[in-house]
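The values are calculated or read from the model by the stated rules, or taken from the named source; none is laboratory data. Bear in mind that the values here come from a model prediction, so they are computed numbers and not experimental data. For neighbour counting, all protein chains shown are included, and Cβ atoms are generated from backbone atoms with ideal geometry for every residue, glycine included. What goes into the accessible areas is simple: the full protein's heavy atoms, side chains included, and nothing from ligands, DNA or RNA. Shrake-Rupley method; radii C 1.70, N 1.55, O 1.52, S 1.80 Å.
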Amino acid sequence: MAERMLQFTHLPQQTPKKREATARREDFAEIYEEFAPPEAAAQASRCSQCGIPFCSVNCPLGNNIPDWLKLTTEGRLEEAYELSAATNTFPEICGRICPQDRLCEGNCVIEKGFESVTIGAVERYITDTAFEQGWVKPIRPAQERAEHVAIIGAGPAGLAAAEALRSRGYQVTVYDRHDRVGGLLIYGIPGFKLEKEIVLRRWKWLEDGGIKFVLNADIGGAMTFADLRKTHDAVLVATGVYKSRELGGPGAGLPGIVPALDYLVTSNRKGLGDDVPDYDSGQLNAAGKAVVVIGGGDTAMDCVRTAVRQGASSVTCLYRRDRQNMPGSLREVTNAEDEGVVFTWLSAPEAFLGDAKVTGVRAIKMHLGLPDASGRQSVDAIEGSSFTVPADLVIKALGFDPEDLPLAFNEPGLKLTHWGTLKTNPKTFETALPGVFAAGDIVRGASLVVWAIRDGRDAAAAIHHHFAHATLAQAAQ
């Protein structure tokens with residue numbers, strides 16, 4: 001079978017076709033088409049099957065990428081799916097939204113003149129095919145266990161932990177403050193990157209496997225944290241981080257300056273068919289407006305591309321560094337540019353103009369200086385370089401900080417780090433409260449979905465070890 005691989009020497013890299021920018025500006029459907037089977041097999045065959053697979057090494061989940069690429073080339077898709085699903089709870093989601101250019105594909109050993117293997121598109125193709133063919137079966141543990149685990153947060157970390165614990169036979173209940181399962185997967189990430197049916201499909205799969213969901217849950221209010229601990233043998237906190245980082249400067253409190261997550265949640269809820277007054281009133285709707293998005297991460301890219309689809313008259317992204325230093329995926333920057341977004345690099349806001357509402361952003365040009373202690377170049381303002389960008393709507397996409405969970409849950413026993421994240425034992429995932437664990441962004445800080453999945457799976461393994469150790473201790477008594 002070896003001759004089927006190593007085809008990169010004569011077969012060029014090909015990504016799935018993108019819909020034309022003029023067409024995709026008009027809706028929130030995913031912009032990439034699905035690989036046809038011959039295309040997927042051909043692209044998978046470009047893998048060099050190298051001795052040290054740096055794609056796997058640089059994947060937070062350690063996915064067995066060369067192996068499932070080879071199986072795809074050989075047409076053994078059901079086996080490819082089983083191998084992919086063994087290390088990744090949601091491969092079809094990661095295949096869509098992971099920044100492969102910074103992770104697996106960006107570390108492919110194929111020389112750049114030949115270009116890397118299109119790993120993410122093949123990963124998506126494998127699992128989408130598995131769903132279509134009925135190969136994705138509900139979780140059926142070999143043996144049921146009596147222990148009950150509560151998971152707070154139905155985002156990627158919580159869901160990954162729920163699947164891993166349920167597979168071991170635990171009774172799992174997931175609590176979430178929203179009315180749908182998925183966290184940022186359902187409410188934060190726009191449909192043009194991840195259509196909501198993909199997330200809803202996984203929700204049904206988890207329920208079919210015996211995982212219970214309690215939605216619109218008010219932990220710390222109507223449902224006390226203490227009661228949750230009493231009624232479950234262990235609790236895992238996987239709430240993520242949702243608190244928007246604030247902008248300073250004159251005029252920062254003007255109406256029309258909004259947090260990125262509020263804006264994205266409103267748009268996603270509208271797409272899901274909800275009644276959304278803030279969208280209908282125009283408060284969180286970009287239609288006909290000059291929009292300025294401040295930030296350079298993937299959330300900023302989600303905002304600028306959402307504004308385009310809502311019919312903004314113009315969309316400008318202000319970022320204080322240059323294109324090469326953006327934290328977001330460069331692939332997303334290219335997609336945004338294709339759709340008409342204007343990027344104003346090396347620019348930072350210094351004031352917001354307007355009286356009753358924002359009318360513009362006064363920004364200043366920046367230049368990159370010498371690297372600081374972290375190795376990243378410093379950013380300094382260029383005196384006398386101020387300029388104004390007209391704006392009817394300004395979206396703050398500067399990242400997220402954790403909420404004060406001890407206050408929100410009315411549980412002072414939860415201890416925090418100086419970053420405001422939950423303090424845990426890094427080996428056991430346990431917090432300062434016995435039997436209470438934490439994982440995902442609420443421990444790590446704002447990060448990638450793939451890292452949340454990894455943390456959720458690792459936390460599940462730690463909780464399983466906790467119960468196994470408790471059983472041995474009881475037996476020794």
Note, ³J(HN,Hα) from phi for the range 362-378, Karplus 6.51, -1.76, 1.60, rounded to Hz, x at Gly and Pro: 8, 10, 10, 6, 10, 9, 7, x, 6, x, 8, 4, 7, x, 8, 5, 6
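Treating only the Cβ atoms of Lys and Arg (+1) and Asp and Glu (-1) as charged, compute the dipole magnitude of the range 342-429 about its Cα centre; round to the nearest 20 debye.
260 debye
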Under 5 Å, built H, 5+ apart or other chain: amide partners of residue 223: 218
Amide hydrogen neighbours beyond the local backbone of residue 175, cut-off 5 Å, H modeled: 151, 152, 153, 214
Contact order relative to length of the chain, as percent, for alpha carbon pairs under 8 angstrom and 6 or more apart: 15 percent
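Within a Cβ distance under 12 Å of residue 92, other residues only, what is the Lys/Arg minus Asp/Glu net charge?
-3
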Cleavage-rule hits (GluC sites (Glu not before Pro)) in the range 325-410: DSSP loop, at most 16 neighbouring Cβ within 10 angstrom: 383, 403
Using θ = phi - 60° and Karplus 6.51 cos²θ - 1.76 cosθ + 1.60, couplings along the range 62-72 (whole Hz; Gly, Pro as x): x, 4, 7, 4, x, 5, 6, 5, 5, 5, 5
Whole-number Å³ per residue for the convex hull built on Cα positions in the chain: 174 Å³
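My understanding is that a pair violates if its Cα-Cα distance is over 27 Å; which of 18/243; 204/415; 230/415; 193/289 do that in this structure?
Result: 18/243; 204/415 exceed 27 Å.
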Percent accessible area from carbon and sulfur atoms, the chain, protein chains only, probe 1.4 Å: 53 percent
Mean separation of Cα contacts under 8 Å, 6 or more apart, over the residue count of the range 117-264: relative contact order %: 28 percent
Solvent-accessible heavy-atom area per residue, rounded to whole Å², over the chain at 1.4 Å: 43 Å²
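Given Cα pairs under 8 Å that are at least 6 residues apart, what percent is the relative contact order of the range 72-145?
35 percent
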Options 433, 345, 370, ranked by Cα towards positive dipole end of the range 323-450, top entry (Cβ charges): 433
³J(HN,Hα), Karplus 6.51/-1.76/1.60, whole Hz, each residue of the range 11-18, x for Gly, Pro: 9, x, 5, 9, 9, x, 4, 9
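GluC sites (Glu not before Pro) within the range 1-75: which are DSSP loop residues with at most 16 other Cβ atoms inside 10 Å?
Details: sites: 3, 20, 26, 30, 33, 34, 39, 74; in loops: 20, 26, 30, 33, 34, 74.
Answer by residue number: 20, 26, 33, 34, 74.
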Amide H contacts under 5 Å for residue 359, placed H, 5+ residues apart: 353, 354
Whole-angstrom gap from the range 39-60 to the range 182-261, using each part's C-alpha centre: 34 Å
